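The values are calculated or read from the model by the stated rules, or taken from the named source; none is laboratory data. Predicted model, so just to flag it, every value in this text is computed and none were measured. Note: ideal-geometry Cβ built from the backbone for every residue, glycine included; neighbour counts use all protein chains shown. Areas reflect the complete protein model, heavy atoms only, side chains present, ligands, DNA and RNA absent. Shrake-Rupley method; radii C 1.70, N 1.55, O 1.52, S 1.80 Å.
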Amino acid sequence: MFHSTLKNIWLPYTQMNNCNAPIVAKATHGSTIILNDGAKLIDGIASWWTACHGYNHPHIIKTVKKQLELMPHIMFGGIIHQPAIDLAKHLANLLPGDLNKVFFSESGSVSVEVALKIAAQFWLNQNNNIKNKIISFHGGYHGDTMATMAVCDPEEGMHNLFKNIIPHQYNIPLPDTSEKQKDFIQFLEKHHKTIAAILIEPLIQGAGGMLFHSPEILRFLRKQADHFEILLIFDEIFTGFGRTGSFFACEQADVIPDIITLSKALSGGTMALAATIAKEYIFNGFLSDSDQHALMHGPTFMANPLACSAANASLEVFDQYNWKNAVSSIERQMKKELTQCKNLKNVKDIRVKGAVAVVELYNISNLNRLKIKFIQQNVWIRPFRNIVYLTPSFTITSEELSLLTNSIYDVIKQEY
Ligand SMILES: *Cc1c(COP(=O)(O)O)cnc(C)c1O
């Protein structure tokens with residue numbers, strides 16, 4: 001019943017009972033994935049948005065090889081190392097304001113867990129044990145672990161299915177109209193004493209539906225958070241590292257969160273790495289004579305030296321080419337070439353921001369069939385729910401990008 005290569009494998013987000021025969025990747029370069037059978041696919045999504053400079057970037061590979069011979073791993077408890085020191089300093093310099101205190105982990109979900117833990121303990125350390133709830137928004141996605149599921153969109157986080165397991169949080173509509181802003185303020189007036197933090201993916205809510213919102217909403221949230229004494233957390237795991245056109249999405253709103261989470265493109269698409277970065281005053285809230293006030297967290301592979309060296313190299317690569325120009329020409333080209341999809345039946349909306357393009361359909365009746373059709377066109381595009389999207393690497397050529405946009409048009413046209 002299962003394809004032989006799947007005998008011992010449990011795939012993510014997959015009903016294993018009826019999944020497609022898997023394709024097997026052998027190698028990568030640039031924006032190309034080479035399969036075992038020799039077929040080549042142009043990658044439209046940069047391996048879940050990680051490979052920002054394309055695959056196998058020579059500078060990253062060279063740096064990691066050097067680190068591999070020197071020290072592939074060392075525990076981070078009680079001992080530190082140069083790649084982590086350099087990376088923390090580099091991130092603090094790149095981030096706005098005094099987002100200076102970097103806590104490393106090995107996945108995006110864990111970095112969000114750490115952010116939530118920091119937020120709750122920040123108040124606990126002031127003897128406030130009722131300020132422990134999180135506000136998050138419909139359409140949001142923050143990970144798959146128990147605590148992060150509870151702050152995802154109710155459907156994405158399967159709040160109903162897991163209602164007896166995941167903690168209760170406040171998941172409410174994004175205040176993107178004046179009416180909803182009034183409701184939001186009313187909500188805060190009623191509940192602010194119990195709320196530790198507001199959590200949002202700035203500008204683009206990614207895996208929850210590729211929804212865009214304006215920078216004004218982030219300014220509104222900053223204002224309310226300050227007024228009601230609530231922390232503001234930006235999850236820039238998807239939006240960070242140039243994806244929306246600025247290096248961090250928060251720059252476009254001129255808003256500085258109290259805590260920010262980073263992962264995905266952090267290591268240039270090579271290794272598992274994430275970071276939770278806090279402002280100085282948050283960090284200072286953990287300083288005291290009591291061990292009880294310390295942050296009790298420490299993933300075994302946190303700050304892995306290979307991953308940190310990859311991230312340092314990836315940040316250096318950003319200085320080696322004009323990534324900003326690259327992102328805006330990708331944006332322009334996707335806008336232009338996807339316009340033709342407007343005439344197709346079943347297309348509900350087309351939106352582009354930075355190196356993110358979304359063709360939203362009214363419905364996708366058979367996702368598996370759509371996925372196979374893209375592979376048959378030699379492109380790697382993974383529609384989900386009613387969304388077909390592109391998040392290519394910034395180094396993709398315009399010919400490759402045209403192949404992607406044309407295949408979206410062709411496949412949707414064939415299908416509907
Ligand atoms: C992917 C993602 C996460 C989860 O990261 P993992 O590394 O998959 O645990 C959290 N937040 C956002 C915005 C993401 O895009």
Of the candidates GLY44, GLY38, the one satisfying the condition of being more than 16 Å from the ligand (Cβ to nearest atom), closer than 21 Å to VAL388 by Cα and outside the structural domain of PHE238 (by the TED database) is GLY44
Taking the condition of a type in the set (Phe, Trp, Tyr) and within 12 Å of the ligand (Cβ to nearest atom), does PHE248 pass? no
Count of residues meeting criterion [under 19 Å from ILE134 (Cβ atoms) and assigned to a helix (DSSP H, G or I)] in segment 163-193: 12
Here's a check for you: in segment 119-141, which residue that is part of a helix (DSSP H, G or I) and open to solvent by 10 Å² or more (accessible area, probe 1.4 Å) is nearest to GLY285 (Cα to Cα)? PHE122
When residues of segment 139-160 are limited to those that are touching a helix residue (DSSP H, G or I) at 6+ places or on another chain (Cβ under 8 Å) and at pLDDT 95 or above, the one farthest from the ligand (Cβ to nearest atom): ALA147
Can you tell me which residue among LYS182, LYS190, LYS163, LYS117 is within 16 Å of the ligand (Cβ to nearest atom) and not assigned by the TED database to the domain that holds LYS353? LYS117
Residue hits (segment 203-256; over 14 Å from the mean Cα position of the chain (by Cα), more than 19 Å from ILE277 (Cβ to Cβ) and of a type in the set (A, V, I, L, M)) are ILE217
So in segment 222-241, with the set limited to residues that are outside any loop (DSSP other than H, G, I, E, B) and away from the ligand (no atom under 16 Å from the Cβ), which one is surrounded by the most Cβ atoms within 10 Å (Cβ to Cβ)? LEU231
Does THR397 satisfy the criteria of being open to solvent by 50 Å² or more (accessible area, probe 1.4 Å) and within 27 Å of PHE248 (Cα to Cα)? yes
Taking the condition open to solvent by 10 Å² or more (accessible area, probe 1.4 Å), within 15 Å of the ligand (Cβ to nearest atom) and over 23 Å from GLU106 (Cβ atoms), does LEU211 pass? yes
Quick one: which helices (runs of 4 or more DSSP H) lie wholly within segment 271-361 and hold at least 1 residues that are open to solvent by 20 Å² or more (accessible area, probe 1.4 Å), under 30 Å from SER407 (Cα atoms) and of a type outside the set (S, T, N, Q)? 323-338
Could you tell me whether segment 336-347 includes any residue that is over 22 Å from ALA51 (Cα atoms), of a type in the set (Ser, Thr, Tyr) and in contact with a helix residue (DSSP H, G or I) (Cβ under 8 Å, 6 or more places away or on another chain)? no
